[in-house]
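Written out below as structure tokens is the structure these notes cover.
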């Protein structure tokens, strides 16, 4: 083959340290935009960002040029530093150590986009932890509950 052709849709999910509920207006929308900018700068075209007060969701097309782990490292480190500059109440802003990243069927991209759009309504009924466990079950990810949360 003469060229490398790649199209990997990835749904990324991670929370604040200890699920601290600190992502609020006016910074939440700015944060989602900032995260999208980081993805785009790393050739991982952002499709949708969103979340709730204690976590974020990012749907993007993973670049063929960088590993997923590098994308997450850049997303979390730069956005954490950026959040700390927004307000003195955010000086102790941190992300959890881990993350979830799940491949998305191209036929289901619009479903994931709608899911991210409806985070606030969704979390009136379900906590982040319940949501995340649901993803792990849906994608058949083996895990040890003792090491999922920080």
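Points to keep in mind about this one:
- For region 11-31, the tally of residues that are more than 21 Å from residue 108 (Cβ to Cβ) and either surrounded by 14 or more Cβ atoms within 10 Å (Cβ to Cβ) or within 10 Å of the chain's Cα centre (by Cα) (or both) stands at 10.
- Among residues that are more than 19 Å from residue 111 (Cβ to Cβ), out of contact with any strand residue (DSSP E or B) (no Cβ under 8 Å at 6 or more places or on another chain) and touching a residue at least 40 places away in the same chain (Cβ under 8 Å), residue 38 is included.
- Check on residue 50, surrounded by 14 or more Cβ atoms within 10 Å (Cβ to Cβ) and either closer than 16 Å to residue 79 by Cα or at pLDDT below 95 (or both): yes
- Flag for residue 27 being more than 24 Å from residue 4 (Cβ to Cβ) and touching a helix residue (DSSP H, G or I) at 6+ places or on another chain (Cβ under 6 Å): yes
- Condition check for residue 8: surrounded by fewer than 16 Cβ atoms within 10 Å (Cβ to Cβ), touching a strand residue (DSSP E or B) at 6+ places or on another chain (Cβ under 8 Å), in contact (Cβ under 8 Å) with a residue 24 or more places away in the chain and farther than 22 Å from residue 126 by Cα: yes
- Among the residues making up region 131-150, those that are assigned to a helix (DSSP H, G or I) and surrounded by 13 or more Cβ atoms within 10 Å (Cβ to Cβ) are 131, 132, 133, 135, 136.
- Within region 11-34, the residues that satisfy the criterion of being over 12 Å from residue 95 (Cβ atoms) and free of Cβ contacts under 8 Å to residues at least 60 places away in the same chain are 21, 24, 25, 26, 28, 29, 30, 32, 33, 34.
The values are calculated or read from the model by the stated rules, or taken from the named source; none is laboratory data. All of these numbers come straight from a predicted model, not from anything done at the bench. Using ideal geometry, Cβ is built from the backbone for each residue, glycine included, and neighbour counts are taken over all protein chains shown.
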